[in-house]
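For reference, the structure is listed below as structure tokens.
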Amino acid sequence: MLLSFVLNKVTPLLPSIIIFGVIFGFTGGSSGYSLLLVSSMSFVIFAGAAQFTTILFLINSEPLLAIVVTAIFINLRHVLYGIILREKLLVKNYQKFFLAYFILDETFLILDIANREQNQNPEIELDLPKILLLSGLVIWFMWNISTIIGFFVYELTGSSIQFPGNFIVSASFVGFLVDHFRKYPQERMILFITSLIAVILGFFLSNSALFVAIMVVGSVITAIGYRRKSSV
Amino acid sequence: MYSESSVFGAIFVIGIFTYFFRLVFLFGVPEILKSDRIESAMDVMPVAMLVALVIPTILFVGNSLMIFRPEVFAIVLSVPLVYKLKHSGLGLVFSVLFYLGFLII
């Protein structure tokens, strides 16, 4: 029952995980770094957005310190997940050390769904730590495999298909930006302000500095006066 | 291009910090972090990140605003289609098709 629940929730996420894994591997292949290094990002960092930023900045030869700071800043959101999940993951302390590795955007979403279903129907007994573990393992496996496949796709086709600079990454994420704009009207002001800041600061800052600036400004504006719907 | 060992060092540091962020508050949360404002600020990061990943990388080359390029047109043209079809994953498909179309033209 638990396995079927996890597969039921993970399967709809797999196409985007696989596609983004392949795109990441493809971008990694174009960076000139080895497969070992590119795929190591997928199991050491294991966080898509930070990985994309890291590989993009490596391609642009941004300073390593700036790359590290930017990626760490992006992954700060995992702190929020930890805070929210603390009361849901009632396991022994040593098990938390293992489960923490699998706290991702996707597994957080699955736990959120599981938690809601359990609240709606108290008769259902869902073991949230096991759901986190199982869904995390499936996603880990697919993410790492698709990264390697993407790398080899570049090796096979890279010389015949050449896309400029960051085109693939921008084109991949623009859909999500549009989708966000459509789904969350209450966040359109944040999108507008951060986009405006991006355009203004784009003339002065390097990519990594710009990245951090946009995220800081977005967060500060939100903290000062903006209320978003709460999750979980 | 950096040496592989220095890049791996950077990846390792990012990985350690990421793991630390995921782990640290599973054990306990300081009162200061229970504020709704801080939660909202962290919650908005993915949105700001999307903007940061798309807007500067599309519009700028270095610190120069360069919008009259086929890749910019391709991405911009894909926006209304993605909006209409309500499927975020199609952004890449349409952009690549438009870009290849521009190259052929």
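The values are calculated or read from the model by the stated rules, or taken from the named source; none is laboratory data. The model shown is predicted, which means the values in this text are computed figures rather than measured ones. Cβ atoms come from the backbone with ideal geometry, glycine included; neighbour counts cover every protein chain shown.
Within the group A:Leu109, A:Leu90, which residue is surrounded by fewer than 21 Cβ atoms within 10 Å (Cβ to Cβ), more than 10 Å from chain B (Cβ to nearest Cβ) and not in a helix (DSSP H, G or I)?
A:Leu90
Got a sec? Which of A:Ile45, A:Ile67 is in contact (Cβ under 8 Å) with a residue 24 or more places away in the chain and under 13 Å from the mean Cα position of the chain (by Cα)?
After applying the criteria, what remains is A:Ile45.
Does A:Ser61 fit the bill of being part of a loop (DSSP other than H, G, I, E, B) and either more than 9 Å from chain B (Cβ to nearest Cβ) or surrounded by fewer than 22 Cβ atoms within 10 Å (Cβ to Cβ) (or both)?
yes
Quick one: count up the residues across the stretch A:11-49 that are more than 8 Å from chain B (Cβ to nearest Cβ) and not in a helix (DSSP H, G or I).
Summing the residues that are more than 8 Å from chain B (Cβ to nearest Cβ) and not in a helix (DSSP H, G or I) in the stretch A:11-49 gives 0.
Got a sec? Which of A:Ile161, A:Ile193, A:Ile221 is more than 7 Å from chain B (Cβ to nearest Cβ), modelled with pLDDT under 80 and surrounded by 17 or more Cβ atoms within 10 Å (Cβ to Cβ)?
Answer to the selection: A:Ile221.
In the list B:Leu59, B:Leu77, B:Leu92, which residue meets the criterion of being of a type in the set (A, V, I, L, M), out of contact with any strand residue (DSSP E or B) (no Cβ under 7 Å at 6 or more places or on another chain) and surrounded by fewer than 23 Cβ atoms within 10 Å (Cβ to Cβ)?
Answer to the selection: B:Leu77.
Within the stretch B:31-50, is even one residue modelled with pLDDT of 80 or more and of a type outside the set (Asp, Glu)?
Among the residues of the stretch B:31-50, not one is modelled with pLDDT of 80 or more and of a type outside the set (Asp, Glu), which makes the answer no.
With the requirement that a residue be at the interface with chain B (Cβ under 8 Å from one of its Cβ atoms), free of Cβ contacts under 8 Å to residues at least 12 places away in the same chain, assigned to a helix (DSSP H, G or I) and of a type outside the set (Phe, Trp, Tyr), what does the stretch A:164-190 give you?
Answer for the stretch A:164-190, where residues must be at the interface with chain B (Cβ under 8 Å from one of its Cβ atoms), free of Cβ contacts under 8 Å to residues at least 12 places away in the same chain, assigned to a helix (DSSP H, G or I) and of a type outside the set (Phe, Trp, Tyr): A:Ser170, A:Ala171, A:Val174, A:Gly175, A:Val178, A:Asp179, A:His180, A:Arg182.
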